[in-house]
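Structure first, then comments.
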Amino acid sequence: MKIFEHSRSKEVGYSDTPGPGYSIGLSPEDGTARRIISRVGGLETSAPNSVRVSLPTEKQLTDSTRRLLDPDIGDAIVRVIVKHWDPDRARWSIGDYRHLQNRSKGEVEVGWETYFHSGVTFDRSKLPQSAVVEELPIGTLVRLGDKPMEVAAADIVAVRAALGYPV
């Protein structure tokens, strides 16, 4: 785990990080798979308290690390972060999902599991059938199916539409 501050934000790839946070990396000791990285805290100027969990691809996993992509594990990690960090937004995602979104500053980035604070409005009628919506005490959690690595591009786009973003 690495604690970062505004002046050291280039260490974790964000030159405009407005506040402190944590970078947590999980990887097998033998180095056989890519790390799973979670960054919590001041990641973007538009969301000074946000969370990003970056995952390796299926091809980069070994049998010993594959369980980390189990939907129950992913959901538990997001819930713990939301409960203890109280972020404005959080997502469990892979690069493929991020590349589907031509996101503007201030927009929530959609992943397999996306959390946003209660101040964000969305149109539930535009959500895809795969979406499961759960109201948490301080925000909303939207999960797209039970396969974190296999979310349809159309479902990501539909959630963006529900949030009122151009698609």
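For every other residue with a beta carbon closer than 14 angstrom to the beta carbon of ALA158, add +1 if it is Lys or Arg and -1 if Asp or Glu, then tell me the sum.
So the environment of ALA158 carries a net charge of +2.
Measuring from label point to label point, each 7 Å out along Cα→Cβ, what is the VAL120 to ASP86 span in nm?
1.8 nm
How high is the relative contact order of the stretch 72-167, in percent, counting Cα pairs under 8 Å that sit 6 or more residues apart?
Value for the stretch 72-167: 27 percent.
Each reported figure results from applying straightforward, stated rules to the coordinates on display, with no laboratory input. As the structure is a prediction and not an experimental result, all values here were calculated from the model. Neighbour counts run over all protein chains shown; Cβ positions are idealised from the backbone, glycine included.
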